[in-house]
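Chemist: Sharing a structure below in structure tokens format, with a few things to ask.
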Amino acid sequence: MRNDAPDAARIGHLGGGMVRAISLAASLLVFWLVLSGHYTPFILALGAGSIAATVLLARRMDVLDHEGHPIHLGAGALLYWPWLVKEIIVSGWSVTRVILHPALPISPAMVRFRPGQKTQVGLAVHANSITLTPGTISVEVRAGEFLVHALTREGAEGVRSGDMDARVSRMEGGG
């Protein structure tokens, strides 16, 4: 006697997976349309086929989870990204001033601190945000500790100040 009724855990997994698959397809569609700039039927068909293949492969590889496609960060990310872009621009100008200064006033520093993120996604976003910001790079990343190299002591203090840490924690829902 066969039991064809799927268990509740599998149904919950499939339901969440379907929401993530639809979200991934929508994200890829917007990305495709923005970057393509061409809206002929042939190009749109290529885009649709490419998106369908990508979503099917992602589902088959079982990477549509809360880390592979973190749709739960959507609202927080919309507030975080503009701030990060501003920080990248400000840091870029600061590094440019240091490099173009005749005395080249660099004061490299390594700083260790404890990040406040609770999830792997939050830690990855924080570490990558540090590295994206000119003049700083995440050298070592652990759940309880980051080691960051900064071009100047001021940059090191900026990392240690915790503004980015607090913003990433708010984005991931922890603050």
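Chemist: Let me check something: with ligands and nucleic acids excluded, how do Met164, Met110 order by accessible area (1.4 Å probe), largest to smallest?
Modeler: From most accessible down to least: Met110, Met164.
Chemist: For mean projected area of the Cα convex hull in nm², several values are listed as [x] 9.3; [y] 14.9; [z] 10.6; flag the one computed from this structure.
Modeler: Correct label is [y].
Chemist: Sorted by packing (mean other beta-carbon atoms within 10 Å per residue), highest first, where do 38-45, 52-59, 152-159, 114-121 land?
Modeler: Those peptides, ordered most packed to least, come out 152-159, 114-121, 52-59, 38-45.
Chemist: So for the pair Leu29, Trp93, with labels modelled 7 Å out along Cα→Cβ, what separation do we get in nm?
Modeler: For the pair Leu29/Trp93, the computed spacing is 4.0 nm.
Chemist: Give me the accessible area per residue for the stretch 119-161, probe 1.4 Å, as a whole number in Å².
Modeler: Computed with neighbouring chains in place, this is 50 Å² per residue.
Chemist: With all protein chains present and a 1.4 Å probe, how do Val141, Val98, Val34 order by accessible area, largest first? Write down the numbers at each step before the final one.
Modeler: Details: Val141 70, Val98 20, Val34 110 Å².
Ranked list, largest accessible area first: Val34, Val141, Val98.
Chemist: Give the carbon-plus-sulfur fraction of the accessible surface of the chain in %, rounded to a whole number; probe 1.4 Å, heavy atoms of protein chains only.
Modeler: The C+S portion of the solvent-accessible surface of the chain is 66 percent.
Chemist: Using the beta-carbon distance between Asp65 and Ala143 and R0 = 25 Å, what value does 1/(1 + (r/R0)^6) give for FRET efficiency, to the nearest 0.05?
Modeler: For Asp65 and Ala143, the calculated efficiency is 0.85.
Chemist: With a 1.4 Å probe and every protein chain left in place, work out the accessible area per residue of the stretch 54-99 in Å², rounded to a whole number. Please list the in-between numbers first.
Modeler: Details: 3220 Å² over 46 residues.
About 70 Å² of surface per residue is accessible.
Chemist: Return the distance in nm (one decimal) between the two label points of a simple spin-label model at Thr131 and Ala45, each offset 7 Å from Cα along Cα→Cβ.
Modeler: Each label point lies 7 Å from its Cα, and together they span 4.1 nm.
Chemist: If each residue of separation counts as 0.36 nm, what is the full-extension length gain between Arg112 and Ala124 once their alpha-carbon separation is subtracted?
Modeler: 2.7 nm
Chemist: Shifting gears a bit: How much accessible surface area, in Å² rounded to 10, belongs to the heavy atoms of Met18 with a 1.4 Å probe?
Modeler: Approximately 100 Å² for this residue.
Chemist: Follow-up question, since we're still on this one. With runs of 4+ DSSP H residues as the only contributors, calculate the mean residue ellipticity of the chain at 222 nm using -39,500 (n - 2.57) per run, divided by the residue total and rounded to the nearest 500.
Modeler: -21000 deg cm²/dmol
The values are calculated or read from the model by the stated rules, or taken from the named source; none is laboratory data. All values reported here derive from a predicted model rather than from experimental measurement. With ideal geometry, Cβ positions are generated from the backbone for all residues, glycine too; neighbour counts draw on all protein chains shown. What goes into the accessible areas is simple: the full protein's heavy atoms, side chains included, and nothing from ligands, DNA or RNA. Shrake-Rupley method; radii C 1.70, N 1.55, O 1.52, S 1.80 Å.
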